[in-house]
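In what follows, a single structure is set out as structure tokens and then discussed.
The values are calculated or read from the model by the stated rules, or taken from the named source; none is laboratory data. Here the structure is a predicted model, which means the values were calculated and not measured. Because the Cβ atoms are built from the backbone with ideal geometry, glycine has one as well, and the counts that use them run over all protein chains shown.
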């Protein structure tokens, strides 16, 4: 794909005359008989109502990222394309940040244990991490289905993205939309201003862990090194 084609693909969401977003994949803005523009708004999606921009689908798992965030991540201010190496799970999680058999009995206890481990590895305040995770869960569960949860939050003093993976010894209720108990948990912490990197990391984690072949291998792994080896495989190899 040429640079021009990529630039057109990730152009910012166009705006209608009333400030509403116009669907970049749909018909052009409506025009009246006198040539004046008419309103042509997108349906009010959940993503747009919460974040303020329309979203483009990423992969087949239903996770969506705003077009403006993708454009910011891929292009320089002058519009030139910025190629970069795809984010991998090992960019986010280190071998020592793997918990192969975490024993917990509830969602709250799981968040407490994850916060304690994350605090020990990052030097951040354990209570602050727990509160950030807890507040995020109050907005809606971070369980994404298929026995997977991705609790996440932002910390003002954190310098870079941090991930921690836990395989639970026994599945627990995480209030998942599909009703399935969770036994694979990936904690993601991000700096306050992470922006596009935070969203890209969430998309990458969700895409990997919702792959049923990968999830099966993770559940069958009994030690930290075996789990890390699965997480470290390229996407095609992991599956």
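Observations on the structure shown:
- Residue selected from the stretch 187-215 under the condition in a loop (DSSP other than H, G, I, E, B) and free of Cβ contacts under 8 Å to residues at least 60 places away in the same chain, by the criterion surrounded by the fewest Cβ atoms within 10 Å (Cβ to Cβ): 193
- Taking the numbered list (1) surrounded by 20 or more Cβ atoms within 10 Å (Cβ to Cβ); (2) touching a residue at least 60 places away in the same chain (Cβ under 8 Å) in turn, residue 218 passes all entries but (2).
- Matching residues, the stretch 210-226, being within 21 Å of the chain's Cα centre (by Cα) and under 18 Å from residue 103 (Cβ atoms): 218
- Considering the stretch 222-239, the residues that are touching a residue at least 40 places away in the same chain (Cβ under 8 Å) and buried (at least 19 other Cβ atoms within 10 Å of the Cβ) include one that is nearest to residue 144 (Cα to Cα), namely 231.
- Residue-level check: of (1) at pLDDT below 95; (2) assigned by TED's automatic domain parsing to the domain that holds residue 207; (3) surrounded by fewer than 18 Cβ atoms within 10 Å (Cβ to Cβ), residue 134 misses just (1).
- Selection status of residue 184, over 17 Å from residue 96 (Cβ atoms) and part of a helix (DSSP H, G or I): no
- Residue within the stretch 131-144 that is assigned to a strand (DSSP E or B) and under 18 Å from the mean Cα position of the chain (by Cα) present: yes
- Which numbered condition residue 186 fails, given (1) within 11 Å of the chain's Cα centre (by Cα); (2) more than 20 Å from residue 114 (Cβ to Cβ): (2)
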